[in-house]
Amino acid sequence: MAHSVSPHFGPASPGGLTSARHCAPPPPSGEGEPNSLVLPDDFAACGLDGRPGNAGQARRFVGLTFDQWALSAVAADAKLIVSELVTNAVRHAVEPMRPDVGEYPLWLGLFRYPSHLMCAVSDPSPHAPHERLADASAVSGRGLQLISALSDSWSWEPTAPQGKTVWAALHLPAS
């Protein structure tokens, strides 16, 4: 089953942006790369359907975008940050079969500024993210700690009409 390209960045977009570089998740088989439409040079967005495979799709999207932006120096950290942001949103913010959130309940936005990069994931849940204290034997629960360690800063904001956006900033090396 093919997925359609999202028509806009969505109502829960950081900063109220309404135009973007779009992508749709690849077919469920996992084959292929996200489809994209190039618009502004410093902004890219990807609509995600809230399924467990979204973290891998988001990493591929970051890789393709960073190849175009020549940002290989921060690509590995950004992929890991985005993977954790998307995984948290899929696990904690998306309820299966909620028709009120649309085809793409999650949105990944990448914002490139001269000195830093913002990675942001918008989701339909109003609940604040919180760091958990995972013990050494836990197999999960360290995502926000990892984001905190890899990024210069991270936070979240409620978004209208519903949900929130969780973001992380990375310093870009001088070119």
Take residue 159 and decide whether it is touching a strand residue (DSSP E or B) at 6+ places or on another chain (Cβ under 6 Å) and modelled with pLDDT under 95.
-> yes
For the range 96-114, how many residues are surrounded by 10 or more Cβ atoms within 10 Å (Cβ to Cβ) and either at pLDDT 75 or above or assigned to a loop (DSSP other than H, G, I, E, B) (or both)?
-> 13
Hey, among the residues in the range 53-82 that are touching a Lys or Arg at 6+ places or on another chain (Cβ under 8 Å) and surrounded by fewer than 21 Cβ atoms within 10 Å (Cβ to Cβ), which one's nearest to residue 145 (Cα to Cα)?
-> 79
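Which of the residues belonging to the range 48-84 are of a type in the set (Lys, Arg) and modelled with pLDDT of 95 or more? Spell out the reasoning first.
Step one: filter the range 48-84 for residues of a type in the set (Lys, Arg), giving 51, 59-60, 79.
The answer is 59, 60, 79.
The values are calculated or read from the model by the stated rules, or taken from the named source; none is laboratory data. Remember, it's a predicted structure, so these values are computed and weren't measured experimentally. Backbone-built Cβ (ideal geometry, glycine too); neighbour counts: all protein chains shown.
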